[in-house]
Each structure stands twice: as structure tokens, then as C-alpha cells.
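The values are calculated or read from the model by the stated rules, or taken from the named source; none is laboratory data. Small disclaimer: the values here were computed from a predicted structure and weren't measured. Ideal geometry is used to build each Cβ from the backbone, glycine not excepted, and the neighbour counts take in all protein chains shown.
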Amino acid sequence: MIQRPIPITYQHRVVFTHGAFDSKNHTLCDLIAESSELGGASKVLVLLDSGVAAGNPGLAENIAQYCDVHSNVINLVSAPMKVEGGESCKNDWSLVEKIWQAIEYHKICRHSYVVAIGGGAFIDLAGFAAATAHRGIRFVRMPTTTLSQGDGGVGVKNGVNYFGKKNWVGTFSVPFAIVNDLDFLKSLPERACRDGIIEAIKVALIRDSDFYHFLEKNAESLGRLETKALEVAIRRSAENHIDHIATSGDPFEYGSARPLDFGHWVAHKLEQISNFEVSHGEAVAIGMAVDILYSVEIGLLDESTASDIVDLIQTVGFRLWSPFLDQSVDGNPVVLAGLEEFREHLGGKLTITLVPEIGKKVEVNEMDEKAIISAMDKLRKRDAALAEKGVANRL
């Protein structure tokens, strides 16, 4: 047997800015210029989420103008290519082929760049297409939502849905760079803008108690989506997610543990049974609340801390229950099937992340279904009491 280690070092770069396509902003062109190996301008294909284009009139023209001003560095091969975004785009294999066709037509190579501007699902799609064309083209992510700027868009995963299963086809691929233009958050609908806050709470709970206390202190400001508090939350959420990916020792998820998926076993199933009427952020908020109260049921977390966490989730604007969770089979909540589906999604043995105290995590390999049902019942009653007072009304 011949055996040799192949050490590989990746640079995972995330840059925050405002007005990325203001001609005076050199963030994007400097990133490309620093890595140019061929001399002269590098070919760039820009993919633009059609929903983002609709919400930001003139964006495509601004991108073209920016590239024209910086034509010594950026050779924009065509007008920004608008592609359908939103969760449904990941179900349409023809969109992958459409991007491949553009890459082939414009002779985009491994020294060229694909820049994708859009929400998390769109970046997943575009990233998969870029990672598989020519075995990988330099890919620049420009996420446009709080959820993608603080969480999914700063990761290393790409994927599309297949066989009716989420992200069944995909790659792990470290992007060339991620450019978070915080100005995009101004055009988000309130519901979409709120979603990223819950992922900030999630990552704070499992690894950063100081950040958690910042979120707790600024909960009302975040609930009102005030710019200053929101931008700090998204920046620190992104930093924590990147730190986990870079330092966990498992960036490409060969193991069974997925701490960044805390609260997600319920969330994934809830999204599915609601046919995505419940947004990802709303589903994660409920999933986290279920797991927090479950931790009290099994004696892992004290009741006072759990109550404070659930209060924070509610204060920043999330409901604690969805009517879709009332669905049952043989007297048991349908959502319980999410445990096995989650195990299959992660591979290996079932591994669920729970929180024993703020800023800490623990992995468990089994869940007590009776304790889950008890936690869900308490959460339902808590949400009903809040709703009676007119407090919880956003879902």
C-alpha cells in the first residue's frame, strides 16, 4: 500500500461592506485583483436571483456599470444572468444545466469567477453548478438575506434537492470569497429579515455566551429590526459560524455531530409538513424551543434558564407553535418522524445537539419520545397563553 497525507489549507474569507456595487467600493474588484494569475482582467459571470433583482430595481445595471468602471480587473462576460431564486429553485435541475450552459458558452474556466447574488437557496444552487463545472470554478457568494449572511451563505456547502429530498445532490466547496453587502437587508420583507436572528441565537447558545447576552440585552431592538442591532447580530453570527467550520476539525461533516443544526430536526420536518408555509427561521425558532424545553424534561437544563431562552425567542418576534405541529399519526405527532429523517440526513447514528447551559453544547444519541411530547405540550400551552394576550402574532 502506498499512503501519503495530502495537506490542504483553505482560506475562508468573509467581507462585510455597504454598497458593494458603488463604483468607489473596491471590495469585490480588490478580491479578484489579488488572486489574478493570468494578468489583465479576469472573466466574471454574474448570476442574479430574479427575486432580488425585482426587489432592487436597477441592480443589474449597477452591476454592469461597476464592472465597466473596473474593467481593468473584471471582464463581465454578459449582462447579469437572472435565474429563479427561492426554495423552489433547488427542485429544478434545469436551472443547474442553464448555469452550466452559460459557463460553457462564455468559456468560463478555473481561473475565472462565478459571482452569485441572492438568497440562501439560490446560492446553494449556483454554488453547486460552479463547484461541478470544470471540477470547480472560483465562486464568490454575495448573500442578500439575514439568514444567508449570518448562517448558510457563509458556509461551505452547496446543494440541490433530488429524489424529493433536501440537498441530496451537492458538494462541500470552500468559496473563493463571501461578500456580505448589508445594504441588501434594507429591501427585505420584515418576515425574511427576522429569520436570520434566530440562527444568531442558535449559534450563541451553543458556543458564545457573551454574544447570547448581547442578543438578550438587545432583544426588543432586534424585534423591531433596528439596523444597528441587526447588523451587529448578523456579523457576530457569521463570525461564530465561520469559527466553528474552521476550528471544529470536521468542516466537511464526516462525523455524525452537527452542532450548527441545533433545533433543526423539528425544523426540517415542520418545513416539510407545512409545504414550506413556515419559513426556515420560524421553523428553527420552534425547533429550538422544543429542544430547550425537552432539555428541562430530562434534567439537562434548569427551568429558569430555559424560560429566559424561550422568552428571548418570543421577544425577537417568533411564535412558539405552529398549527402544523398538531398533525398526528396513530396518536403521535407527525414531527417525531423527523428524528429518523434527521439521522438519515446527517448519516451515521442519530446525534442531536442540546444545550446544558448558555454557550455550551452536548451531543446525545437518543431522544425520549414521551419527553418530547411533554415538551411540545408545554410549548403549545405557553404559545396559546401569549396569543391570548395578543403578544405572539407574527406567524
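Here are a few things to note about the model shown:
- Matching helices (runs of 4 or more DSSP H) fully within the stretch 223-313 where at least 1 residues are touching a Pro at 6+ places or on another chain (Cβ under 8 Å) and surrounded by 17 or more Cβ atoms within 10 Å (Cβ to Cβ): 227-247, 280-297
- Residue within the stretch 29-39 that is outside any strand (DSSP E or B), of a type in the set (S, T, N, Q) and assigned by TED's automatic domain parsing to the domain that holds A79 present: yes
- So S50, is it within 30 Å of G164 (Cβ to Cβ), without any contact (Cβ under 8 Å) to a residue 12 or more places away in the chain and assigned by TED's automatic domain parsing to the domain that holds G153: no
To keep it simple, each residue is scored yes or no on (1) touching a residue at least 24 places away in the same chain (Cβ under 8 Å); (2) outside the structural domain of V46 (by TED's automatic domain parsing).
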{"site": "T145", "(1), (2)": "yes, no"}
{"site": "F176", "(1), (2)": "yes, no"}
{"site": "A192", "(1), (2)": "yes, yes"}
{"site": "F211", "(1), (2)": "yes, yes"}
{"site": "V232", "(1), (2)": "no, yes"}
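- Qualifying residue in the stretch 339-358 (condition: basic (K, R) and either over 18 Å from I273 (Cα atoms) or without any contact (Cβ under 8 Å) to a residue 40 or more places away in the chain (or both)): yes
- Some residue of the stretch 59-69 being surrounded by fewer than 18 Cβ atoms within 10 Å (Cβ to Cβ) and either assigned to a loop (DSSP other than H, G, I, E, B) or at pLDDT below 95 (or both): no
- Filtered residues of the stretch 82-124 (kept if touching a helix residue (DSSP H, G or I) at 6+ places or on another chain (Cβ under 6 Å), modelled with pLDDT of 95 or more and basic (K, R)): K82
- When the stretch 84-128 is filtered for residues that are touching an Asp or Glu at 6+ places or on another chain (Cβ under 8 Å), farther than 26 Å from E61 by Cβ and surrounded by fewer than 19 Cβ atoms within 10 Å (Cβ to Cβ), the ones remaining, listed by number, are D92, H111.
- When restricted to residues that are touching a helix residue (DSSP H, G or I) at 6+ places or on another chain (Cβ under 7 Å), in a helix (DSSP H, G or I) and crowded, with 24+ Cβ neighbours inside 10 Å, the stretch 129-153 contains 7.
- Filter pass, G348 being on the phi > 0 side of the Ramachandran plot and either under 22 Å from the mean Cα position of the chain (by Cα) or not hydrophobic (A, V, I, L, M, F, W, C) (or both): yes
- For first residues located in the stretch 70-96 and over 16 Å from L45 (Cα atoms), partners that are buried (at least 18 other Cβ atoms within 10 Å of the Cβ) and β-branched (V, I, T) and lie 6+ apart or on another chain with Cβ distances below 8 Å form the pairs G85/V52; C89/V83; K90/V160; N91/V160; W93/V160.
- Taking the criterion of being assigned to a helix (DSSP H, G or I), in contact with a strand residue (DSSP E or B) (Cβ under 9 Å, 6 or more places away or on another chain) and surrounded by fewer than 24 Cβ atoms within 10 Å (Cβ to Cβ), the residues of the stretch 169-222 that qualify are L182, D183, I206.
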